[in-house]
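Worksheet: one structure, shown below.
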Amino acid sequence: MSEMNTLTILEIEKILAKKMCPRDYCMILMMLDTGLRVGELVNIRQADLYFYGTIVEQLTVRKEISKTKSERVIPISARLRLAIDNLKHGVWFKDGSIQNHYAFYSGNPRSHITSRQVERIVQFYGNTVIGRRLTPHMLRHTFGTRVLQKSNIRIAQKLLGHKRITSTQIYTHPSGDECVKAVADISCD
């Protein structure tokens with residue numbers, strides 16, 4: 001995978017600054033800030049995000065929606081918590097029964113948005129805002145790359161839900177500047 005499969009900080013800022021509906025914004029931000037796979041995203045329920053009147057601090061990706069069929073827990077960023085709150089107050093039906101409703105839907109909250117619809121939405125914002133192809137997996141890849149820049153491969157593996165470390169290694173692609181810095185750092189020892 002090349003660096004073209006990730007977004008730059010400037011591209012992320014441009015996309016998140018774009019005026020969009022609360023659902024689309026929350027979906028894109030959720031993929032950027034949690035690294036969810038598109039199939040996991042569409043199966044998130046409102047109760048996964050909003051529990052006993054409070055936005056959750058950690059998202060539990062239930063094993064029944066996880067690609068690897070294993071549960072994982074991902075901390076929720078402050079900006080994502082705000083987006084979830086905007087989604088709840090601006091989009092979700094207010095009938096008091098959110099347990100069985102999907103977080104991301106098109107019309108009927110008992111029927112989730114499709115992966116293909118999410119792909120189209122993400123592609124639209126990529127083309128119109130940053131002028132290039134954008135996919136949900138690129139948002140996941142951006143998350144994985146950013147986690148690795150700030151942490152280590154084992155944490156990235158856990159957050160991404162990879163069973164094998166080799167799956168996580170595709171997110172490692174150091175830039176030329178990082179290589180120069182690494183050599184400079186060791187030569188100072």
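The values are calculated or read from the model by the stated rules, or taken from the named source; none is laboratory data. Computed from a predicted structure; not experimentally measured. All Cβ positions, glycine included, derive from the backbone under ideal geometry; neighbour counts span all protein chains shown.
Quick notes on this one:
- Evaluation of residue 69 against the conditions (1) farther than 24 Å from residue 106 by Cα; (2) within 15 Å of the chain's Cα centre (by Cα) shows that the sole unmet condition is (2).
- Evaluating residue 92 against the criteria (1) in a helix (DSSP H, G or I); (2) of a type in the set (Phe, Trp, Tyr); (3) at pLDDT below 95 leaves one unmet condition, (1).
- The sole residue among 48, 24 that is acidic (Asp, Glu) and in contact (Cβ under 8 Å) with a residue 60 or more places away in the chain is 24.
- Test: residue in region 98-119 that is small (Gly, Ala, Ser), farther than 21 Å from residue 7 by Cβ and not in a loop (DSSP other than H, G, I, E, B): no
- Subset of region 146-157 (residues that are touching a helix residue (DSSP H, G or I) at 6+ places or on another chain (Cβ under 9 Å) and either modelled with pLDDT of 80 or more or surrounded by fewer than 20 Cβ atoms within 10 Å (Cβ to Cβ) (or both)): 146, 147, 148, 149, 151, 153, 154, 155
- Summed over region 15-48, the residues that are more than 30 Å from residue 132 (Cα to Cα) and either in a strand (DSSP E or B) or modelled with pLDDT of 95 or more (or both) give a count of 1.
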